[in-house]
Each structure stands twice: as structure tokens, then as C-alpha cells.
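Have a look at the structure below before the remarks.
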Amino acid sequence: MPASLRYLGIDPGLRATGWGVIDVAGARLTHVANGTITSNDRLSLAERLVQIEAGLVAIVEAHAPDAAAVEQAFVARDPIAALKLGQARGIALLVPSRCGIAVAEYAPNHIKKSVVGAGHAGKAQIRMMVEMLLPGCGAATEHAADALAIAICHAHSGGANARIAAALLRDAPGVKAGRA
């Protein structure tokens with residue numbers, strides 16, 4: 001049986017950042033954990049970003065992923081909302097990268113097509129397919145379901161690149177292994 005890799009999917013958002021962790025062994029996908037990091041909207045933007053960062057750091061420390069994948073931002077009609085989403089995405093990219101974890105980015109339509117088979121699938125279709133592909137995952141929220149979809153997309157689309165990057169990181173001198 002091939003060695004498994006652990007992937008972290010992140011669906012960034014300022015109010016709610018979804019996360020999902022899966023193990024991948026060959027073509028087999030196994031659910032590990034999922035959840036949502038929420039920020040307190042009564043705090044300043046900077047304090048909310050710190051909440052997201054602390055949540056992602058705890059997830060990386062608890063689950064030791066070999067690779068991570070983040071949803072790319074789509075063009076929003078509201079420029080203020082787009083800027084805030086961009087800042088949350090920055091945290092989602094920064095945390096795993098700072099831990100030496102390779103981070104891939106995927107467009108929303110690519111994720112939907114990879115998981116559902118259609119680039120314009122709705123939230124309900126995504127959640128249903130995630131639950132079919134990861135039986136018993138019980139995605140806590142739609143953000144967590146989206147994050148699991150991102151991890152699944154990475155397993156389908158970026159698996160080879162992630163395996164190469166993980167192997168290079170493991171073999172690099174002075175780099176701590178990703179899993180205990």
C-alpha cells in the first residue's frame with residue numbers, strides 16, 4: 001500500500017475560514033478532521049486576522065499536513081469585501097508556508113469541476129459530493145465542506161507536485177519532518 005500524504009484544504013474568509021484535513025494513499029481519500037475558524041466581528045480587522053492565524057497555526061500543529069491548498073479569490077463586486085477577503089487569504093497562504101508546507105492555489109471553478117464534475121456547481125452539490133467521497137466526514141459547516149473540497153481537488157490535481165515537494169522537504173538538510 002502506498003504511503004499516505006496529509007492535505008489541508010483552506011477556504012479563506014474573514015468571518016469564517018473553513019478547513020479540512022484528508023489523508024491520501026494512492027486513489028484512496030480518508031477524512032481526518034474539519035471545522036471552521038470564526039473571527040469576532042466586534043474586533044478590529046488586525047485582531048480578526050490574528051484570530052484566523054492562531055486558529056490555522058493550531059490546526060497545522062495538531063494535524064501536521066504534508067501540503068496545503070487554498071481557494072483563489074474570485075472578483076467581487078464590493079471592493080472593500082474583496083480587500084478583506086484578500087487579507088484573510090494572505091493569512092491562509094502564510095501560515096502553512098511559514099511551517100515549510102507547500103501551498104497550492106486553485107480557482108473556485110477548478111475545485112467544483114474536480115469534485116462535482118461541473119464548474120458552476122452549487123454549495124449543496126459540493127457538500128453532497130464531499131460526503132460521498134469522504135463517508136462519515138460530517139462537514140461542520142459549508143465552509144468546512146468547501147475546505148474539504150479544496151483538499152480533494154488538490155489530491156486530484158496537485159498530488160504529484162505535492163508528493164515531489166514533500167519529498168524534497170523531507171530530504172532537505174535542517175528541515176524538520178512534517179509529521180511526528
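Karplus couplings for segment 31-40 from phi (6.51 cos²θ - 1.76 cosθ + 1.60, θ = phi - 60°), rounded to Hz, Gly and Pro as x?
For segment 31-40, the Karplus-derived couplings read 6, 10, 6, 7, x, 9, 9, 10, 10, 7 Hz, x marking Gly and Pro.
Roughly speaking, what is the centre-to-centre gap between segment 100-146 and segment 16-36 when only Cα atoms are used, to the nearest Å?
First find each Cα centre; the distance between them is then 10 Å.
May I ask you to derive the relative contact order of segment 93-152, considering only C-alpha pairs under 8 Å and at least 6 residues apart, and to give it as an integer percent?
Contact order relative to length: 26 percent.
Within segment 1-94, report the chymotrypsin sites (Phe, Trp or Tyr not before Pro) that DSSP leaves as loop and that have at most 10 other Cβ atoms within 10 Å.
PHE74
State whether segment 5-171 is rounded, prolate or oblate according to the following rule on the C-alpha gyration tensor (a ≥ b ≥ c being the square roots of its eigenvalues): a/c under 1.5 gives rounded; otherwise a/b larger than b/c gives prolate, and the remaining case gives oblate.
Because a/c hits 1.5 or more and a/b fails to exceed b/c, segment 5-171 counts as oblate.
Would you mind checking which residues have amide H under 5 Å from GLY13's amide H? H placed 1.01 Å from N; only 5 or more apart, or other chain.
Those lying under 5 Å, H to H, from GLY13 are GLY18.
DSSP beta bridges in segment 5-171, what fraction antiparallel, as a percent rounded to 5?
Just about 65 percent of them are antiparallel.
What are the ³J(HN,Hα) couplings of segment 97-110, residue after residue, when phi is run through the Karplus curve with 6.51, -1.76, 1.60 and θ = phi - 60°? Round to Hz, x for glycine and proline.
After applying 6.51 cos²θ - 1.76 cosθ + 1.60, I find 4, 4, 8, x, 9, 5, 10, 9, 10, 10, 5, x, 5, 5 Hz.
Note down the relative contact order for segment 5-171 as a percent, whole number, built from C-alpha pairs under 8 angstrom at least six residues apart.
RCO, segment 5-171: 32 percent.
We did not get these values from a lab; they are worked out from the coordinates using the rules stated. Only a predicted model underlies this, so the values are computations on that prediction, with no experimental measurement involved. Cβ atoms come from the backbone with ideal geometry, glycine included; neighbour counts cover every protein chain shown.
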